[in-house]
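Laboratory data are not the source of any read-out in this text; all were calculated from the coordinates shown. Not measured: the values here are computed from a predicted model. Cβ placement follows ideal geometry from the backbone for every residue including glycine, while neighbour counts extend to all protein chains displayed.
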Amino acid sequence: MRIAAIIVAAGRGIRAGGDIPKQYQDLRGQAVLARTVGAFLDHPRIDEVVVVANTGDAALYLKALGQLAPRVTRVSGADSRDGSVRAGLAAVAPGTEAVLIHDGARPLVAPDLIDRVLDALATHPGAAPALPVTDALWRGQDGAVTASQPREGLFRAQTPQGFHLGAIRAAHAAHPGGAADDVEVALAAGLDVAIVEGDETNLKITHPGDFARAARILKDQPMDIRTGNGFDVHRFGEGDHVMLCGVHVPHDHALMGHSDADVGMHALTDAIYGALAMGDIGQHFPPSDMQWKGAESHIFLRHAALLAAEHGFAITHCDVTLICERPKIGPHAAAMRAALAEIIGIDATRISVKATTSERLGFTGREEGIAALATATLVKS
């Protein structure tokens with residue numbers, strides 16, 4: 001079954017406070033929307049993610065999603081939630097059989113909750129997570145209790161709400177609008193919607209205090225911290241410059257290689273692949289494939305950074321050591337840090353580039369080539 005996730009994120013979120021809509025605000029180092037989108041991109045059963053966003057938020061959207069943006073289909077939202085959902089439903093790829101419709105402001109959705117909704121779609125045209133109401137309920141007016149309300153059979157609705165695509169498209173087409181959620185639309189069309197167990201941590205950020213609550217939940221969750229190492233060597237040949245960490249450095253030799261032979265960038269790329277346990281450059285860009293002949297190495301590094309983001313990891317620190325007698329690296333180190341930071345999409349203060357000699361020992365000491373060591377730290381929280 002081909003499954004698409006539709007993330008509804010076109011609202012303004014005024015009650016949450018802040019200078020920008022809540023979905024673009026920071027939550028422990030990542031935008032709320034980036035956490036939400038990442039949860040679905042990282043799920044093995046989700047084939048496509050469609051984000052419905054406000055057209056006026058393009059800059060905020062791109063900044064929030066960063067390296068995730070190319071993996072997502074973005075469509076323009078409408079003035080109402082119903083209209084935004086219809087726009088998302090229209091945008092899913094041909095062949096899609098089921099959709100999950102999720103609030104962009106629910107960034108803590110867990111993989112097993114997604115699985116429960118999807119499993120229920122095997123026997124129902126619709127399914128949604130919910131939690132039974134356990135507190136006493138009252139009716140009130142003018143600050144006073146006017147009556148009690150039985151809580152039996154009442155649930156607190158959550159998302160993602162899942163449906164067979166054809167059924168929910170038809171339900172929305174027939175609905176007059178104004179529904180609180182997609183289950184209401186489905187019920188109006190006579191669809192059978194199964195209730196699956198919700199999750200207390202799957203909160204919807206609505207008020208300012210919800211950011212603090214979500215941050216506490218994330219703090220209590222174990223962090224996945226990865227460290228990868230990379231090492232690369234390239235020999236000297238004829239030429240008048242070397243490419244090192246994305247910077248053109250004048251020299252009386254050039255580095256030889258299948259690509260542009262940027263030894264520093266190659267080592268860092270392998271460090272990121274290593275932290276992900278996803279091989280090395282040669283596996284992703286085989287030297288036997290002539291399309292990579294003479295390729296600029298930023299292609300490889302950007303691919304590794306994008307792969308990290310797709311799997312929910314933030315690259316928090318990179319350290320590159322270049323080993324050579326010449327050229328002198330110090331005058332170019334700041335430019336190298338800036339170039340790497342732009343490619344990876346992190347601040348230059350999180351990148352170190354330094355150099356050392358080998359005291360005239362070995363091939364680097366004889367100035368036959370340059371070696372590089374790199375370490376990358378990745379964090380998923």
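Observations on the structure shown:
- For region 219-311, GluC sites (Glu not before Pro) are listed when DSSP marks them as loop and at most 11 other Cβ atoms sit within 10 Å of their Cβ; the list is Glu238.
- Region 1-150: C-alpha gyration tensor shape, a/c 1.5 cut-off, then a/b vs b/c: oblate
- Each of Met336, Met223 was scored by other Cβ atoms within 10 Å of its Cβ. Listed from fewest to most, they are Met223, Met336.
- Look at Asp135, Asp57 and count the other Cβ atoms within 10 Å of each Cβ; fewest to most, that gives Asp135, Asp57.
- Between helix 333-344 and the chain: long-axis angle, C-alpha atoms, 0 to 90°, nearest 10: 40
- Cut-off under 5 Å, modelled amide H: who pairs with Val353 long-range: Val320
- Rounded tilt (10° steps) of 111-120 against the dominant C-alpha axis of the chain: 50
- When only the Cβ of Lys, Arg, Asp and Glu is charged (+1, +1, -1, -1), the dipole of region 224-380 relative to its Cα centre reaches about 340 debye.
- Taking amide hydrogens as placed 1.01 Å from N in the peptide plane, the amide H of Ala78 sits under 5 Å from those of Ser84, each at least 5 positions away in sequence or on another chain.
- Degrees, to the nearest 10: 81-91 long Cα axis against longest axis of the chain: 50
- Region 293-375: trypsin sites (Lys or Arg not before Pro) falling in loop per DSSP and having at most 14 other Cβ within 10 Å: Lys293, Lys328, Arg360, Arg366
- Aspartates and glutamates with Cα under 12 Å of Lys204, excluding same-chain neighbours fewer than 8 positions away: Asp103
- Expected 222 nm ellipticity per residue - DSSP helices of 4 or more, -39500 (n - 2.57), all of the chain, to 500: -8500 deg cm²/dmol
- Residues in region 277-284 carry Karplus couplings, in order, of 6, 10, x, 9, 4, x, 6, 7 Hz; the curve used is 6.51 cos²θ - 1.76 cosθ + 1.60 with θ = phi - 60°, and Gly or Pro positions show x.
- A straight line joining the Cα centroids of region 10-40 and region 109-144 runs 22 Å.
- Over 27 Å apart at the Cα level, from the set Lys22/Lys380; Lys63/Lys219; Lys219/Lys354, are Lys219/Lys354.
- Computed from the Cα positions only, the extents of region 224-380 along the three principal axes stand at 42, 35, 25 Å, in decreasing order.
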